[in-house]
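Novice: Please read through the structure below; I'll follow up with questions.
The values are calculated or read from the model by the stated rules, or taken from the named source; none is laboratory data. None of the values given here were measured: they were computed from a predicted structure. Cβ: placed from backbone, ideal geometry, glycine included. Neighbour counts: every protein chain shown. Each accessible area value is taken on the protein alone, full model and side chains, heavy atoms only, with ligands, DNA and RNA left out. Shrake-Rupley method; radii C 1.70, N 1.55, O 1.52, S 1.80 Å.
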Amino acid sequence: MSSTLMRTVPALRAAARASAAKPAAAAMGTSFVRGKATLPDLPYDYPALEPYISGKIMELHHKKHHQTYVTGLNTALETIEGAKSKGDLTKAASVAPLLNFHGGGHVNHSLFWENLAPASREGGGEPDGALKKAIDEDFGGFDTFRKQMNTALAGIQGSGWAWLVKDKQSGTLGLVTRANQDPVTGNYVPLMGIDAWEHAYYLQYENRKAEYFDAIWNVINWKTVASRFDKS
Amino acid sequence: MVYFGFLTQLLSVQIPLEAVSEEQYNTTMAAATYTLPSLPYAYNALEPSISAQIMELHHSKHHQTYVTNLNKALQSYSAATASGNVPDQIALQAAIKFNGGGHINHSLFWQNLAPSSSPDSKLEAAPKLMAEIKATYDSFDRFKEAFTAALLGIQGSGWGWLVKEELTGLRIVTTKDQDPVVNGEVPIFGVDMWEHAYYLQYLNGKAAYVQNIWNVINWKTAEERFQGTREEAFKVLKSQL
């Protein structure tokens, strides 16, 4: 469908955005080999996001933390398969929390790596085009959006994520937070996520998480976010 | 309010602001004001199990933030109560639970840790509790295994606690974020599984942190809490008012 054409009619904008929704998986960089989750490569080197996110954080975060979610997801899926083949549905259902946690961890981090970029390349700045227009309309401007996102991040009690999302029904943008590794599902398409787990910043920022939340805007890949927005 | 305002004015006129102690300042506030408790040991006393850097940040920054935000939330709550503002009273409950929980959990945690060189960190310091642990879990090792598994199974930030329940006896519970154990059970000892509790030293190796925390559990405190009441376990909070 021609979303460009429909977008010229403001009244239809929300409807056009809503009806163009595609399965979220299409927009993700999660990689699978024969039904097994694998750790995706980073689209940049570990130190590439410095000085905003240290190379050491990126390396641990990708190679250790994300890998643990990938491993945990595969274990959970294998347990479900095994239980299924034995007809043990109670056992299969009992894996749900682990599937959500590790599956969510894999999905969230895969989206996160791609919505970041070195400040010397696509990282930072402000979105333009249709995404900028939508942010202006739904948040009243980029600065307000950024402030609201940082307030949402600061308000997370414990581990979690904040996301810029598109509401599939209304077609409007919104902010949501998720506890732990709960993925963004259902009515929302995740466009841009920021990891607020302590492992995402502690080695560099320690308890000063507000500094991390300020710094990360220098490495947001708006090209990726815009492309997710356009496809959604 | 007239009196409070007057008192504040009086204090600020008579003494330079820096000289007003926390206690004097608190007398002008309507809500109870909590303060950061001192650690019962030096920041480096738990090394090598927990580094001094972790202990200092954890106590002087993280715990302090919970105390500060608890006091703010309680002041707002007391204003909302005074003005009969029910929506605000309800809205503030999450902040009170989170920051109040953070203050309670950390206050209990510091006291249930001890340097590994101290006799308090030896199992022999808790004879009655050990007998009960063996009766409940067959052996101390099996208890340790179960507690370790519970700690490592926490998804996200949270705590693991050994608690005493009036009817069912000893139980291992985990709580998310800063939810405190305040529902009637007696907290015997807790282990902080937030990443800030170990990350600077152990990075993603949380199993090693859990393994080493057993070297610095204060079994004397655990024994006292096991033999005492819930009110006695929480008395550390009252003394910080």
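Novice: Could you please find all residues in the stretch A:192-224 being basic (Lys, Arg) and touching a residue at least 12 places away in the same chain (Cβ under 8 Å)?
Specialist: Residues satisfying the conditions are A:Lys209, A:Lys223.
Novice: Further question on the same structure: Just wondering, is there one or more residues in the stretch B:199-214 that are of a type in the set (Gly, Ala, Ser), in contact (Cβ under 8 Å) with a residue 60 or more places away in the chain and touching a Leu at 6+ places or on another chain (Cβ under 8 Å)?
Specialist: No, the conditions are met nowhere in the stretch B:199-214.
Quick grid of which residues meet (1) outside any loop (DSSP other than H, G, I, E, B); (2) without any contact (Cβ under 8 Å) to a residue 24 or more places away in the chain; (3) open to solvent by less than 50 Å² (accessible area, probe 1.4 Å):
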site: B:Pro37; (1), (2), (3): no, no, yes
site: B:Ile50; (1), (2), (3): no, no, yes
site: B:Gln53; (1), (2), (3): yes, no, no
site: B:Glu56; (1), (2), (3): yes, yes, no
site: B:His59; (1), (2), (3): yes, no, yes
site: B:Tyr66; (1), (2), (3): yes, no, yes
site: B:Tyr77; (1), (2), (3): yes, no, no
site: B:Ala80; (1), (2), (3): yes, yes, yes
site: B:Ala95; (1), (2), (3): yes, no, yes
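Novice: Shifting gears a bit: Take the stretch A:133-191 and flag every residue that is under 30 Å from B:Asp179 (Cα atoms), more than 14 Å from every other protein chain (Cβ to nearest Cβ), in contact (Cβ under 8 Å) with a residue 12 or more places away in the chain and among the basic types (Lys, Arg).
Specialist: Of everything in the stretch A:133-191, just one residue is under 30 Å from B:Asp179 (Cα atoms), more than 14 Å from every other protein chain (Cβ to nearest Cβ), in contact (Cβ under 8 Å) with a residue 12 or more places away in the chain and among the basic types (Lys, Arg), namely A:Arg146.
Novice: Let me ask something else about it. Pick from the stretch B:120-138 the residues that are closer than 30 Å to A:Val95 by Cβ and of a type outside the set (Asp, Glu): which of them is least open to solvent (accessible area, probe 1.4 Å)?
Specialist: Residue satisfying both the conditions and the ranking: B:Tyr137.
Novice: Take the residues in the stretch B:159-195 that are away from every other protein chain (no Cβ under 14 Å) and basic (Lys, Arg); name whichever of them is surrounded by the fewest Cβ atoms within 10 Å (Cβ to Cβ).
Specialist: Ranking the candidates gives B:Arg171 first.
Novice: Of the residues in the stretch A:203-228, how many are within 14 Å of chain B (Cβ to nearest Cβ) and crowded, with 22+ Cβ neighbours inside 10 Å?
Specialist: Matching residues across the stretch A:203-228 total 1.
Novice: Could you look through the stretch B:105-119, keep only residues that are away from chain A (no Cβ under 14 Å) and within 11 Å of B:Gly190 (Cα to Cα), and pick out the one that is surrounded by the most Cβ atoms within 10 Å (Cβ to Cβ)?
Specialist: So the residue we want is B:Leu113.
Novice: Okay, next question. From the set of residues in the stretch A:77-108 that are of a type in the set (Val, Ile, Thr) and under 27 Å from the mean Cα position of the chain (by Cα), which is surrounded by the most Cβ atoms within 10 Å (Cβ to Cβ)?
Specialist: Among those residues, the one meeting the criterion is A:Val107.
Novice: Shifting gears a bit: Considering only residues that are more than 13 Å from B:Trp159 (Cβ to Cβ), away from every other protein chain (no Cβ under 11 Å) and of a type in the set (A, V, I, L, M, F, W, C), which ones fall in the stretch B:196-221?
Specialist: Matches in the stretch B:196-221: B:Ala207, B:Ala208, B:Trp214, B:Val216, B:Ile217, B:Trp219.
Novice: Check B:Gly84, B:Gly156, B:Gly102 and return the single one that is in a loop (DSSP other than H, G, I, E, B), small (Gly, Ala, Ser) and within 14 Å of chain A (Cβ to nearest Cβ).
Specialist: Result: B:Gly156 is the single residue among B:Gly84, B:Gly156, B:Gly102 that is in a loop (DSSP other than H, G, I, E, B), small (Gly, Ala, Ser) and within 14 Å of chain A (Cβ to nearest Cβ).
Novice: If B:Gln227 meets every condition in (1) within 14 Å of chain A (Cβ to nearest Cβ); (2) surrounded by fewer than 18 Cβ atoms within 10 Å (Cβ to Cβ); (3) among the polar types (S, T, N, Q) apart from one, which number is that one?
Specialist: (1)
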